[in-house]
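Each reported figure results from applying straightforward, stated rules to the coordinates on display, with no laboratory input. Keep in mind that this is a model prediction, so the values were computed, not measured. We place every Cβ from the backbone using ideal geometry, glycine too, and count neighbours over all the protein chains shown.
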Amino acid sequence: MKTYPIAMCLVFCVLLVTGCATAPRAPLTDAGEKIEIMVLSDRGNPSEMTERQYEYRVEVGQWMERDLLNMLKRSGYEAVLIESKDKFEARKGRYLLTVKIESYNPGSTAARMLVGFGAGAAALDNHYELYGTTPQPLMSWNDGVGTSEHWKKLPRKLNANTVRKITEQLTTSELQ
């Protein structure tokens, strides 16, 4: 008699922790194959920033790249990181996503922990372009986010936005 309420509480807790929403599902090509997304990441020019600023960008960039590839794969895309635009060979069913870190402020961990209330907030702003078979981008957008929590929430939120935006674009348009 008591197992039913306990089971319902467990189901509710699991849904609360894992969330009810799933990642958007990637469309397939006309041949029923997975769409390929090649990701090119640009962390900025190291000569235009201090050594420590570039170290921060490398740290957030490496984490962001791994997370973005994982999110794309979980959504049903074939995703791979490339080192230069020359590695991208345009063809139907293959897309190039360029991600440029425009600005990154790691904030202050100490201020976030001690003061709270938004003190020491971290912020990340990126510029994105999605290319198909044409030299002009299919879409181009800027996205940014800030948090007074751990810095990994920044790229995680931006990556989720990116996967959603790409999936919406590729679902509503004719695949190139």
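May I ask which residue of LEU154, GLN136, ASN126 lies farthest towards the positive end of the charge dipole of region 33-163, with charges of +1 (Lys, Arg) and -1 (Asp, Glu) on Cβ and the Cα centre as origin?
LEU154
Which lysines have a Cα less than 18 Å from the Cα of LYS87, not counting those fewer than 8 places away in the same chain?
Of all the lysines, those that pass the test against LYS87 - Cα under 18 Å, at least 8 places apart if same chain - are LYS100.
What is the spin-label model distance, in nm, from THR133 to ARG164 if the labels are put 7 Å beyond Cα along the C-beta direction?
With each label point 7 Å from Cα toward Cβ, the separation is 3.1 nm.
Given R₀ = 22 Å, FRET efficiency for ASN45-THR171 by Cβ-Cβ distance, to 0.05? Mind showing how you got there, number by number?
Values: r = 35 Å, r/R0 = 1.61.
Efficiency at R0 = 22 Å is approximately 0.05.
Using a Förster radius of 41 Å, what is the FRET efficiency between ARG66 and ARG91 based on their Cβ-Cβ separation? Nearest 0.05, please. Before the final figure, lay out the partial values.
Numbers: r = 26 Å, r/R0 = 0.63.
Step by step, r from the Cβ atoms, then E = 0.95.
Evaluate the distance, in nm, between pseudo-label points positioned 7 Å from the Cα of TRP141 and of LYS73 along their respective Cα→Cβ axes.
2.5 nm
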